[in-house]
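Trainee: Sharing a structure below in structure tokens format, with a few things to ask.
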Amino acid sequence: MSANSAVGATTDVAAAGVVSPAAARDLPVAQVLNPADTSAVVGHYVLSDAATVDAVVAHAETAGRAWGALSGTERGSWLTAAAKAVSAHEAERSTLLTREQGKVLWESEVDVHSAARALRQNAELAAHLDVESVVRDGRGTTIMRRIPMGLTAVIVPWNYPVYLTLAGVAPALAAGNAVIVKPSEFAPLAITRTLELIAAALPEGVLSVVPGDGAVAGQALVSHPLVRKVIFTGGTSTGRSIVKTAANTLKSVSLELGGNDPAIVLDSAQLDDRTIRELRRSVFTCTGQICINVKRIYVHRSRHREFVDKFSAAVDEIVVGDGLGPATTMGPLNNAKQLASVRELAEQTRSHADVRVLGRKNDPSSWDRGYFMLPSVVTGIAPGAPLVTREQFGPIIPILPFDTEDEAISQANDSEFGLAASVWSEDVDHALALARRVEAGSVFVNTHRMGSSDQSMPFGGIKQSGLGRNHGMWAIEECTELQAISHRP
Ligand code: NAD
């Protein structure tokens, strides 16, 4: 296999190793700040304009035709080579990710490491596309096959940039499509480096990047007539606007959007250390900024006081600071807008509920330089309060009592979102029966998020949490069209 790099525009942080048409056109660049110390510039990204997107699209469309003509097995071999290539320099990219995104280093390591896994698993699945089904009847024969959908845009947010990007890129490539990625303005660096490594191991032009603003580079991709598929992960309102734009050229759109995951703790739940820590992790990982984090907890009234006390004690152990600090267990929020939005919600909540601010500052002297916020636990809050009904996407969690299971299910389902949920009980059969009544794409028992990043489990939301499913053949098939070829005997 020959190998070329094929990245449409790149960051200027360190030696990216790719000379791109966009960079050569002398486009303006924007800064990426460290959320733990906003006086530090981590790097820059190119502000791709519509003309750059046009050029990258034209190039990728041509490359995509040759890529789509390969068999699934052949594409699988390329993806296996890309998985090997992207396993290099993971430590360096993990540190870079924490510096631009804010999360603690182990979370960045998990994120960065997921790229090779997604490529390997999709490499194995690609061969399934070589199997055609044939139906014969008295009239003749029909061959049914999956063909690539066409040039695919993958548009991603800043919280888990590597995992979320590869959740779109790997199946789209396996399905035979060229892919153009638009990373988030707030975490474009580690993912661009990751994509450069992958692109360098694939045929030229098959994988490209157009960093830049959503309203410019993102919009140009979504409205481009040669882009046939958009895989979008981000906020629900952005998702709605993307569907409207994509409608003009009738593109296929897959959406992974916001969530407001409930956790229901039954009177039969075991409130031991493991449960409490698992729930703490489910709430505060990535400083509460994961679509599939627990965002509201309903506890049976008979256990409410005990739960609040134990959970608050565990939350009080959280150490907030720079994600690279060895003692830090929770990093800053990612950006100024996110911090302002969560702070405002916390302020509003104070007027009608009991907000307990917990945890401690790792390095109080650096506090004002970063987007830091201590974790909070909220009680005495009404079910209809904004902190309960909105997606807070930050380190503040409401805990509400319930009297009957019907009431808990009804409150859990009273949401425009339906991404995931969990039920906690020692009686697993009973919890499983309740889980079936929850309106969510994924429901967990005695855990939250288990396997949610596993390529062998479908992942996605119902209601306004999204359209379509990540992972496995479910995602690959969403990047294909079904073609029927019929002939007479
Ligand atoms: P966002 O919607 O603001 O931005 C996401 C991406 O869309 C960015 O790359 C942005 O530049 C781009 N964009 C913005 N406007 C655009 C437009 N008009 N056309 C094309 N692209 C455009 O979201 P965010 O603030 O980066 O991320 C937070 C949100 O993402 C939260 O709501 C969270 O729940 C959601 N999220 C969902 C999942 C999931 O799998 N369901 C995963 C992670 C994050």
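Since every read-out is calculated from the coordinates, none of them should be taken as a lab result. The structure presented is a predicted model; accordingly, all values stated were derived computationally and were not measured. Cβ placement follows ideal geometry from the backbone for every residue including glycine, while neighbour counts extend to all protein chains displayed.
Trainee: Given region 278-324, what whole percent of its Cα pairs are spread farther than 14 Å?
Mentor: 57 percent
Trainee: Per 5 Å bin, what is the whole-percent P(r) computed from every C-alpha pair distance within region 193-329?
Mentor: Per 5 Å bin, starting at zero, the Cα-Cα P(r) for region 193-329 comes out as 2, 8, 12, 13, 12, 11, 11, 10, 9, 8, 4, 1, 0 percent.
Trainee: Only Lys, Arg, Asp and Glu count, each charged at its Cβ (+1, +1, -1, -1), so figure out the dipole size of the chain about its Cα centre, rounded to 20 debye.
Mentor: The dipole of the chain has a size of about 820 debye.
Trainee: Per residue, how much space in cubic angstrom lies within the convex hull of the C-alpha atoms of region 284-352?
Mentor: Numbers: hull volume 7.9 nm³, N = 69.
Expressed per residue, the convex hull around the Cα atoms of region 284-352 is 115 Å³.
Trainee: Could you tell me which of rounded, prolate or oblate describes region 125-283, using a ≥ b ≥ c as the square roots of the eigenvalues of the alpha-carbon gyration tensor, with rounded for a/c under 1.5 and, failing that, prolate when a/b is larger than b/c and oblate otherwise? Walk me through the numbers on the way to the answer.
Mentor: Values: a/c = 1.85, a/b = 1.31, b/c = 1.41.
Verdict is oblate for region 125-283.
Trainee: Straight distance only, please: which lysines reach the Cα of residue 337 with their own Cα at less than 17 Å, same-chain residues fewer than 8 apart left out?
Mentor: 103
Trainee: What helices does the chain hold that run 27 Å or longer along their axis, going by alpha-carbon atoms, with a Kyte-Doolittle average of -0.5 or more, using DSSP H for the helix calls?
Mentor: Membrane-span-like by this criterion, though nothing is claimed about a membrane: 50-69, 105-126.
Trainee: Please figure out what share of the DSSP beta bridges in the chain is antiparallel and state it in percent, rounded to the nearest 5.
Mentor: For the chain, the DSSP antiparallel bridge percentage is about 45.
Trainee: Using every pair of alpha-carbon atoms in region 52-143, split the distances into 5 Å bins beginning at 0 and state the percent of pairs per bin, rounded to integers.
Mentor: Binned Cα distances yield the sequence 3, 12, 13, 12, 13, 15, 13, 8, 4, 3, 2, 2, 1, 0.
Trainee: Let me ask you something else. Decide, for region 136-226, between rounded, prolate and oblate: order the square roots of the alpha carbon gyration tensor eigenvalues as a ≥ b ≥ c, take rounded if a/c falls under 1.5, and otherwise choose prolate if a/b is larger than b/c, else oblate.
Mentor: It is prolate, given that a/c is not under 1.5 and a/b is the larger ratio.
Trainee: Separate question: What is the Cα convex hull volume of region 224-272 when expressed per residue in Å³? Could the numbers behind the result be given before it?
Mentor: Numbers: hull volume 5.1 nm³, N = 49.
In region 224-272, the Cα hull volume divided by residue count equals 104 Å³.
Trainee: Kirkwood Rh over Cα pairs of region 372-411 into Stokes-Einstein at 37 °C, 0.692 mPa s: D in µm²/s? Before the final figure, lay out each step's value.
Mentor: On the way: Rh = 11.3 Å.
My calculation gives 289 µm²/s for D.
Trainee: Which whole-angstrom value gives the distance between the alpha carbon centres of region 32-82 and region 208-228?
Mentor: With region 32-82 and region 208-228 each reduced to a Cα centre, they are spaced 11 Å.
Trainee: Sorted from largest down, what three extents in whole angstroms do the Cα atoms of region 357-489 have along their principal axes?
Mentor: Per principal axis, max minus min of the Cα coordinates gives 79, 44, 28 Å.
Trainee: Expressed in nm², what is the orientationally averaged projection area of the convex hull enclosing the Cα positions of region 301-436?
Mentor: Directional mean of the projected Cα hull area for region 301-436 stands at 9.6 nm².
Trainee: For region 94-157 and region 354-380, what is the separation of their C-alpha centers, rounded to whole Å?
Mentor: Between the Cα centres of region 94-157 and region 354-380 lies a distance of 38 Å.
Trainee: Return the inverse of the average 1/r over all pairs of distinct C-alpha atoms in region 22-88, which is the Kirkwood hydrodynamic radius, in Å to one decimal.
Mentor: Details: mean 1/r = 0.0650 Å⁻¹.
About 15.4 Å for region 22-88.
Trainee: Using only the alpha carbon atoms of the chain, find the Kirkwood hydrodynamic radius as the inverse mean reciprocal pair distance, in angstroms to one decimal.
Mentor: Taking every pair of different Cα atoms in the chain, averaging 1/r and inverting gives 23.3 Å.
Trainee: How about region 381-452: which trypsin sites (Lys or Arg not before Pro) there lie in a loop by DSSP and see at most 12 other Cβ atoms within 10 Å? Spell out each step's value before the answer.
Mentor: On the way: sites: 390, 436, 437, 449; in loops: 390, 436, 437, 449.
Answer in residue order: 436.
Trainee: Taking the radius of gyration and the Kirkwood hydrodynamic radius from Cα positions alone, what is the Rg/Rh ratio for region 331-374, to two decimal places?
Mentor: Numbers: Rg = 11.4 Å, Rh = 11.5 Å.
Dividing the radius of gyration by the Kirkwood radius yields 0.99.
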